[in-house]
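A short reminder: the numbers here are calculations on the coordinates, not readings from a lab. The model shown is predicted, which means the values in this text are computed figures rather than measured ones. Every residue, glycine as well, gets a Cβ built from its backbone with ideal geometry; the counts of neighbours run over all protein chains shown.
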2 protein chains.
Amino acid sequence: MRLAIKSAGADGFLISDIKNIRYLSGFTGSSGYLLVTEKKSWFLTDSRYATQAKEEVRGCRVKIYKKALETIAAVAASMKVRTLGFEGGDLSYDNFLKVKKALPKTRLKPLSGAVAALRTIKEPVEISLIRDSVKVLDKGYLTAQKTLAAGVREKDAALLIERSFRESGGDSTAFDTIIASGFRGALPHGKASDKRIRKGELVVVDMGVVLNGYNSDETRTYCMGRASAEQMKVYSTVLAAQELAIGKIRPGVKAAEVDRAARGHIEKAGYGKYFGHGLGHGVGLEVHEGPSLGPNSTDVLEEGMVVTVEPGIYIPGWGGVRIEDMVRVVKGGAEVLTKTPKDFVCL
Amino acid sequence: MRLAIKSAGADGFLISDIKNIRYLSGFTGSSGYLLVTEKKSWFLTDSRYATQAKEEVRGCRVKIYKKALETIAAVAASMKVRTLGFEGGDLSYDNFLKVKKALPKTRLKPLSGAVAALRTIKEPVEISLIRDSVKVLDKGYLTAQKTLAAGVREKDAALLIERSFRESGGDSTAFDTIIASGFRGALPHGKASDKRIRKGELVVVDMGVVLNGYNSDETRTYCMGRASAEQMKVYSTVLAAQELAIGKIRPGVKAAEVDRAARGHIEKAGYGKYFGHGLGHGVGLEVHEGPSLGPNSTDVLEEGMVVTVEPGIYIPGWGGVRIEDMVRVVKGGAEVLTKTPKDFVCL
């Protein structure tokens, strides 16, 4: 266990967030808890996962429970834990009370974000899993280029592209596929609908894949037929903003500065009020995780982080453009992981 | 709002479980809160969902927040809520603290399970949505019969069946499709793997579909080639247990008694120790919800409940059989919603 629980003022830590449990123990199932003390660690789950836990879990003992919180409390008591950290952002109030009742003499201390902070820095094995996930996703964009056309229903295009993910080995989509054509492109979360794509429209395609637990996330915007002057201007503004931001990325840079680089360019072009969301977010076991690349972020980029860079311009009634890559923070700069070209493709 | 909050000893109720919010307000997005008081109700969400909330939400005002819990607390304070109920099984400890800090004079009272209890009884419109979801699922079993064969990889079969769900209009699978052949059939949660199906094996196929938010869940077990005497015996034991249990279902019957009917039959046949899980569960907006049909359940069946009946026999190293239907509790008895035949099909 890489958790420094002592420096957090605890001598035990109960981890309930299932993604954090996967990160620390290797368990890929959907139910269980991790109890870490200075000396020993336990993974605790119910009988359904006994075999799987024995196969997957590393670095801790496996214990099967009938009553989760009560068993955890008994183990903590046997280890004489005096201050038990817990994930206050994950553990429900009712479960907090159960632990408290079972451990009347133990101090309970919310340690929110402790594991999330570790997870922002990807280890080499994680980078390799992310690359695999991105590879499947990039292939999906080849299918997208072949599939998108005037007359095609957004939902039908999504189905065909998602099928290609599965055929290239993806476990599932990371989120509802966004295919937002024409006026729908102005919705930042316009998941594929029954609307048919029409000639002359821009189509925002934002997709993600999960492979071996690791997410990928990418956006491209296509034009159906010949692009108008304004479509070209908006596209090139977003693209330049995105590349300016990527150019800023290196270890030690404030995330808010990276956001500023993109936002400043979009503002200068006169589209400032049409870019309402943050510039990006970390990606890993979750498709949205730390760090945050928004204007108010206090995060600082570090080597090994993997983040999205995804500025957009969304003009109500007119449509939208978003361009998103996944970027790894490397010594001295950035490595763009997503490989789909960013020329303005008119289909 | 059908919530009787006064009788629960509160004059306000904060609902944070997103499925409960959907149930009560109609909002299908993934982020928001519902605040119900005796006089007025609010649905509160962030700006991404402003348009969607206005289109979908019924019976309450829509308010957009920047800081969720703080805004909710301000609305509760403006309504002079003295005792605010909340979902203790859903609200995280950290969010509980945020509400508490923002409402220092208000008593906070965990009202866990209040909405879940309402949700166990399906209204006619919900029954109709569940029927639609089951229809897509039953079609998937036709595809399963055509797809399963010696030499086929479990994962490839799952992919083909899931494709048929999507083609018949399903939004997604309700859970990772279980295709567990041969020895893997002894794992109650043996999701489709890289294992190839072999001649002579039993194959447990447990699948579910989500359509318009409503889940369906069904299991059939097939034999590859001619069945052995023991395979036939185990199959007919499970089937008889399942039908005995379905025969017990009617309003007023204790859920534990229904479990007993199936379990007793399996025990009498000498397979008692190979049936380790509960008999079934409610299905609706979640694929697992109340009531519980386990041996220790204290639930009593009521008209309008929709539950699964899914006994199984799992013999380590040998394999397994499970047969699962969705059943609606109707006046005087049970209506089986899933229509795939239950003869022992040898493919």
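Computed from backbone phi with θ = phi - 60° and the Karplus coefficients 6.51, -1.76 and 1.60, the 3J(HN,Hα) list for region B:28-33 is 9, x, 10, 8, x, 9 Hz; x is used for glycine and proline.
With K and R counted +1 and D and E -1, the other residues having a Cβ less than 10 Å from that of B:TYR214 yield a net charge of -2.
Rounded to the nearest 20, the Cβ-based charge dipole of region A:113-198 about its Cα centre (Lys and Arg +1, Asp and Glu -1) stands at 380 debye. Cross-link partners for A:LYS195 among the lysines, with Cα-Cα distance under 18 Å and sequence neighbours closer than 8 places in the same chain left out: A:LYS155. Between B:ARG107 and B:SER30, the simple label model (points 7 Å from Cα in the Cβ direction) yields a spacing of 3.8 nm.
Modelled label positions at B:LYS100 and B:LEU160, each set 7 Å beyond Cα in the direction of Cβ, lie 5.6 nm from each other. Only DSSP H runs of four or more residues enter the estimate; each adds -39500 (n - 2.57), and after division by the residues of chain A the mean residue ellipticity at 222 nm equals -10500 deg cm²/dmol.
Using a Förster distance of 22 Å, how high is the FRET efficiency between A:ALA240 and A:LEU347, based on the Cβ-Cβ distance and rounded to 0.05? Using R0 = 22 Å, I get an efficiency of 0.50. Sorted shortest first, the distances from the A:ALA117 label point to those of the same residue in the other copies are 4.2 nm; each point sits 7 Å from Cα along Cα-to-Cβ.
Taking a point 7 Å out from the Cα of A:SER193 in the direction of its Cβ, the residues of region B:25-63 whose backbone N falls within less than 19 Å of it are B:26-31, B:46-58. Computed extension length for B:ILE315-B:SER47: 91.2 nm, one decimal, from 0.36 nm per residue of separation with the Cα-Cα distance subtracted. Between copies, the label points at B:VAL336 (set 7 angstrom from Cα along Cα-to-Cβ) are spaced 5.8 nm, reported in nanometres from shortest to longest. Summary for B:GLY252: label point 7 Å along Cα→Cβ; distances to the equivalent points in the other copies, ascending, 7.9 nm. The length gained by stretching the chain between A:VAL253 and A:MET232 to full extension, at 0.36 nm per residue less their Cα-Cα distance, is 4.4 nm.
For region B:124-336, a/c is not less than 1.5, where a ≥ b ≥ c are the root eigenvalues of the C-alpha gyration tensor, and a/b does not top b/c. That puts it in the oblate class.
Is there a pair in B:LYS40/B:LYS98; A:LYS268/B:LYS67; A:LYS66/B:LYS66; A:LYS146/A:LYS233; B:LYS6/B:LYS254 whose C-alpha atoms are over 32 Å apart, and which pairs would that be?
A:LYS66/B:LYS66
Exposure here means at most 16 other Cβ atoms within 10 Å; with GluC sites (Glu not before Pro) in a DSSP loop as sites, the longest stretch of chain A lacking them is A:39-301. Summary of the geometry: region B:249-321 and region A:1-63, compared by the centres of their Cα atoms, lie 31 Å apart. Residues of region A:308-322 with amide nitrogen under 16 Å from the 7 Å Cα-to-Cβ point of A:VAL336? The answer is A:308-312, A:322.
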